[in-house]
Amino acid sequence: MAIAGMIERLGAAVIDGVITLGNFVMFLLSALIYVVAPPYKPRLLIRQVRTIGADSLFLVGLIGLFTGMVLGLQGFNTLRRFSSEGALGTVVALVLVRELGPVLAALMVTARAGSAMAAEIGAMQATEQIDALTVMAINPVQYLVSPRILAGVISFPLLTGIFDVIGIGGGWAVGVGLMGAPSGPFFNGIAQNMTGHDITTGLLKALVFGLVVMWVCCYKGYYAARMATGVSQATTEAVVLSSVLILAWDYFMTSILL
Amino acid sequence: MERNGDTAGATIVVRDLRRRFGRQQVLDGVNLDIPAGQITTIVGPSGCGKTVLLKHLNLLLRPDSGSIIIDGTDVTAASSRVADMVREKLGVLFQAGALFDSMTIFDNVAFPLVEKTDLSRAAIARRVLEILAQVGLEGMEKKYPSEMSGGMQKRAALARALVRRPKILMLDEPTTGLDPTRTRSIHELVRTTQQKFGLTAVMVSHDVPQVFEVSDRIAYMHGGKVELSGSVAEVTATSNENFQQFLAGKAAGEEERPLSQVVATPGR
């Protein structure tokens with residue numbers, strides 16, 4: 001009996017998991033269909049690009065600056081042991097463009113905009129605002145989710161580019177300005193060793209992260225339990241799942257794209 | 001079971017509607033006719049399924065079996081296109097108002113017109129201000145929902161529900177959380193707007209017996225069924241034991257009412 005009960009519970013858990021995964025994927029598919037299907041609402045998209053992108057600029061720039069600065073410091077001290085201070089620019093730029101830029105920018109935007117998004121959509125669900133859209137014959141996924149996902153896909157690569165540039169500037173300021181690494185080789189190294197492939201790989205990662213983060217955060221908000229604790233739980237889950245997926249996808253994409 | 005015979009004249013016809021959530025049979029064979037141009041109020045103890053029934057009527061939920069016909073269209077298994085066509089005829093007032101809290105009152109009320117019609121900006125503004133005046137909110141259009149009292153939010157939500165001139169108005173506990181004075185004024189507002197536009201109105205309410213004054217017909221739900229329906233006079237004269245018990249405030253499940261609803265109806 002006990003074994004039968006266990007098997008039953010296991011089966012129920014597996015079925016639940018499969019249904020949840022199916023909902024999760026269907027949610028993205030319907031959102032993507034409404035990205036391309038009319039009517040287009042550029043107003044909604046622009047507002048979301050502002051919320052996700054423009055409003056995150058300062059934070060992303062700040063984190064980019066400190067990341068670049070610490071890379072300049074650590075890179076200089078490490079490279080000096082091998083008398084290779086001239087490679088500092090290459091190291092800082094490649095690490096930022098290929099890895100840290102897309103990953104850290106995505107994590108920052110998740111914390112700032114993704115969490116707010118999950119909370120906002122969750123609160124709208126809890127207070128029947130999403131039902132109100134539905135009964136007005138307005139598809140809530142089309143109205144709320146599609147513009148956010150598209151805005152994420154647009155904003156993340158742009159933010160990543162800005163993160164990279166400011167980060168390289170920070171690395172230069174500390175490595176060259178403060179620690180005395182040679183300035184010429186810093187930029188020459190970047191120019192000679194950075195390929196177009198490095199840049200597209202980084203921006204492609206950012207684009208995928210934008211999709212994943214907005215998908216997860218909107219989904220968690222949309223299916224939040226209709227109460228105050230449901231909203232807070234949805235926000236936490238959205239940030240945790242987004243962060244884990246960013247890092248897991250990063251490894252996966254790196255191994256394919258390298 | 002008492003039932004109105006003239007199905008042909010009814011705007012909404014519900015037949016043998018069933019819906020189960022998990023192990024709970026929330027709707028257990030609902031039959032109901034909602035005639036045109038009248039206010040039909042659904043009452044019953046909490047947990048009787050009245051809000052779930054309303055969510056089937058405004059197509060937010062789909063039944064397991066049975067049928068719903070709204071204004072001649074069978075919506076039981078309607079495609080999303082047909083459902084949206086039927087929704088164009090509906091105005092819905094939600095329990096908590098469901099105003100968009102990121103928008104001003106003006107934008108909230110204008111929202112259905114902006115999104116679903118080709119009206120010019122000026123025409124929309126005219127219509128919005130007109131309807132706001134009708135619900136007694138002139139001069140409030142620049143406020144946000146959070147800056148208004150619960151009663152005013154209900155009025156604004158009613159304005160939004162009416163702004164597209166729907167044929168059918170659905171109200172889910174429009175007076176939840178309001179004191180008796182505001183409850184009465186919302187009831188009067190529902191009555192006057194219903195008469196002015198000749199609307200068919202369906203209301204779910206716990207304000208028994210105050211709500212009887214503004215209703216044309218009453219449907220009493222109990223245990224997932226409509227046990228009793230008819231004109232207010234017919235229903236109040238009935239000897240149905242459950243209903244009389246419900247009226248006396250002793251209905252089963254009464255103690256499960258959320259605190260907000262208990263507070264909303266003092267003196268019961």
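Quick note: the coordinates plus some simple rules give every number you see, no bench work behind them. Computed from a predicted model, the values in this text were never measured in an experiment. Note that we place each Cβ from the backbone using ideal geometry, even for glycine, and neighbour counts take in every protein chain shown.
Here is how the numbers come out for the structure above:
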item: Contour excess over end-to-end distance, with Cα ends at residue B:165 and residue B:20 and 0.36 nm allotted per residue; result: 48.8 nm
item: Estimated distance in nm for a label pair at residue A:139 and residue B:130, the labels positioned 7 Å out from Cα along Cα-to-Cβ; result: 3.2
item: Angle in degrees between helix B:180-197 and the longest Cα principal axis of chain B, rounded to the nearest 10; result: 80
item: Neighbourhood net charge (11 Å Cβ-Cβ; Lys/Arg +1, Asp/Glu -1) for residue B:27; result: +3
item: D (Stokes-Einstein, µm²/s), Kirkwood Cα radius, the stretch A:176-258, 0.890 mPa s at 25 °C; result: 156
item: Count of lysine pairs in the protein assembly as shown with Cα separation under 21 Å (8 or more residues apart, or interchain); result: 19
item: Residue A:254-residue A:178 FRET efficiency (beta carbon distance; Förster radius 30 Å; 0.05 resolution); result: 0.45
item: Cα-centred dipole magnitude for chain A, charges only on beta-carbon of K, R (+1) and D, E (-1), debye, nearest 20; result: 300
item: Segment residue B:149-residue B:36, extension gain: residue separation times 0.36 nm, minus the distance between their alpha carbons; result: 37.4 nm
item: 0 to 90° range, to nearest 10: angle between helix A:146-172 axis and chain A longest Cα axis; result: 20
item: Per-residue [θ]222 nm for chain A (sum of -39500 (n - 2.57) over DSSP H runs n ≥ 4, rounded to 500); result: -26500 deg cm²/dmol
item: Exercise: per-residue mean of other protein chain Cβ atoms within 10 Å, A:132-144; result: 6
item: Most positive-pole-ward Cα, B:180, B:197, B:212, against dipole of the stretch B:158-230 from beta carbon charges; result: B:197
item: Per residue, the convex hull volume that the Cα atoms of the protein assembly as shown enclose (Å³); result: 199
item: Net lengthening on full extension, residue B:101/residue B:85 (0.36 nm per residue, minus Cα-Cα); result: 3.1 nm
item: Cα centroid of the stretch B:181-223 to Cα centroid of the stretch B:39-66, whole Å; result: 16
item: C-alpha long axis of helix A:2-36 to longest principal axis of chain A, angle in °; result: 70
item: Given charges at beta-carbon only (K, R positive; D, E negative), |dipole| of the protein assembly as shown in Debye; result: 720
item: Pair-distance profile P(r), taking every C-alpha pair of the stretch B:99-157, with 5 angstrom steps and integer %; result: 4, 22, 33, 24, 13, 4, 1
item: Label-to-label distance, nm, for residues given as residue B:61 and residue A:4 (7 Å Cα→Cβ offset); result: 3.3
item: 222 nm mean residue ellipticity, helices alone, for chain B (DSSP H n ≥ 4; -39,500 (n - 2.57); rounded to 500); result: -10000 deg cm²/dmol
